[in-house]
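The values are calculated or read from the model by the stated rules, or taken from the named source; none is laboratory data. Because the structure is predicted, anything quoted here is derived from the model rather than measured. Virtual Cβ from ideal backbone geometry, glycine too; neighbours counted across all protein chains shown.
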């Protein structure tokens, strides 16, 4: 039988496919987590909390590095699987669906990240303008505190 494969070969295919599927699912979960962080980051940018924004940026960097690390494993594993078993292997039916979901999540992450970057740029421009206005009026804060009319002459002899 030309089309039949040995039990060992089948086990190997299943093991590779399971690992490939696990990595794709893990990548999908990381992208979902990344989208949640981007949503929360948008709220933090609007509220202007610098410490919270820094925490979100650090978390975002960690998730993105995890995404890239997993992708470094997924790409060679996919290449190996396709080269050994062919792109139309019967065991790999759900892989295209997972990959399509990953691509959608990736596109959404890029879009949200871009929105957050634009929002942050606008917020930074507002802060710069406020600082510029404060520098052009260095005593404006003190004048408002001591805005009462001061006497021009003081009688010291009494």
May I ask you to list the residues in segment 43-57 that are surrounded by fewer than 16 Cβ atoms within 10 Å (Cβ to Cβ) and touching a helix residue (DSSP H, G or I) at 6+ places or on another chain (Cβ under 6 Å)? 52
Does any residue of segment 22-31 turn out to be surrounded by 15 or more Cβ atoms within 10 Å (Cβ to Cβ), at pLDDT 80 or above, part of a helix (DSSP H, G or I) and more than 17 Å from the chain's Cα centre (by Cα)? yes
